[in-house]
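Reading through the structure tokens given below for one structure.
Quick note: the coordinates plus some simple rules give every number you see, no bench work behind them. What you see is a predicted model; the values in this text were computed from it and never measured. All Cβ positions, even for glycine, are placed from backbone atoms using ideal geometry, and neighbour counts span all protein chains on display.
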Amino acid sequence: MLTAPDWALGSQYLRTNAPELIPFIDKYGACTLQPEAPQKYFGTLLTGIISQQLPPEVSLAMVKKLEAAVGTPITPQAIAAASDEDLCACGIMQQKVNYLKGFAEAVLSGKVTMDKFDSMTDSEITKQLTQIKGLGQWTAEMFLLLALCRTDIAPTADFIFQKRVKEIFNLSAMPKRKQILELTEHWRPWRSLAVWYLWQEK
């Protein structure tokens with residue numbers, strides 16, 4: 001089981017090196033992010049596939065139906081064994097059923113090595129995940145940040161993060177990936193923590 005990074009150390013680093021974040025740190029206090037148990041990795045990524053372009057309440061209902069159908073935690077073996085009809089009966093469209101099946105097969109074949117994620121780099125994990133249909137850059141970055149608690153993830157495709165960067169740096173337009181990475185370079189190696197603070201702001 002992974003342990004959480006020393007978020008307090010990260011907060012102190014950001015106070016010293018990123019004064020624009022101090023109001024957020026003061027307002028929201030200690031970061032509460034904790035890494036997920038490895039047996040939940042598959043279900044978390046599978047939920048990421050299901051939830052794309054859907055309201056949260058709709059995707060959550062689908063996941064609950066899926067858990068009722070195949071068991072919890074959801075495993076690649078269970079998805080591989082389920083029929084397309086059973087998965088579609090949970091409200092999941094056929095294209096996403098194909099993605100779920102492909103993801104399960106990739107894990108079972110060793111193409112995606114979730115059992116080794118803890119010892120792999122961010123880029124190695126991202127490369128493995130984004131080769132799977134239905135798992136894009138955004139999903140991979142969310143997984144690295146929220147499930148694995150990697151400390152230096154900047155989810156540049158995330159709308160809320162883009163919006164907060166635009167606000168704190170007084171930009172005239174929503175920033176693109178390259179600009180975000182340049183503007184937040186001084187947040188490294190604690191960009192994940194900075195993102196967490198910015199996400200807390202409603």
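Of interest is the spacing of the C-alpha centroids, which for the range 98-148 and the range 15-65 amounts to 16 Å. Extension gain, residue 176 to residue 202, is 7.2 nm, computed as 0.36 nm per intervening residue step minus the present C-alpha separation. The relative contact order of the range 21-114 comes to 28 percent, based on Cα pairs under 8 Å that sit 6 or more residues apart. The stretch between residue 69 and residue 157 holds 28.4 nm of extra length on full extension. This uses 0.36 nm per residue minus the Cα-Cα distance.
Over the chain, what is the relative contact order in whole percent, taking alpha-carbon pairs under 8 Å and six or more residues apart?
Values: 221 pairs, mean separation 50.9, N = 202.
This gives 25 percent for the chain.
I need to check one value: relative contact order of the range 1-73, counting alpha carbon pairs closer than 8 Å and at least 6 residues apart, in percent. Before the final figure, lay out each step's value.
Values: 33 pairs, mean separation 20.6, N = 73.
So the answer I get is 28 percent.
Shown here is the pair-distance distribution of the range 38-147: with all Cα-Cα distances grouped in 5 Å bins from zero up to the longest one, the shares run 2, 13, 25, 27, 19, 11, 3, 0 percent. Show that you can apply the helix-only estimate: for the chain, add -39,500 (n - 2.57) for every DSSP H stretch of four or more residues, divide by all residues, and state [θ] at 222 nm to the nearest 500. Helix-only estimate at 222 nm: -16000 deg cm²/dmol.
May I ask you to order 117-125, 44-52, 162-170 by the average number of other C-beta atoms within 10 Å around their residues, highest value first? Please report the intermediate quantities before stating the final value.
Values: 117-125: 13.7, 44-52: 20.0, 162-170: 15.4.
The most tightly packed comes first, giving 44-52, 162-170, 117-125.
The calculated FRET efficiency for the pair residue 130 and residue 26, based on their C-beta separation and a Förster distance of 45 Å, comes to about 0.80. Since only 137, 71, 51 are under comparison, the one whose Cα sits farthest along the positive direction of the charge dipole of the range 45-202, derived from C-beta charges on Lys, Arg, Asp and Glu, is 137.
For residue 84 and residue 54, what is the calculated FRET efficiency with R₀ set at 22 Å and r taken between the beta-carbons, to the nearest 0.05? My answer for the efficiency is 0.70. Report the residues of the range 125-159 in range of a label on residue 113: point 7 Å along Cα→C-beta, backbone N strictly under 11 Å from it. Answer for this model: 125. The shape of the chain can be summarised by an equivalent ellipsoid whose semi-axes, obtained from the alpha carbon gyration tensor, come to 33, 18, 15 Å from longest to shortest.
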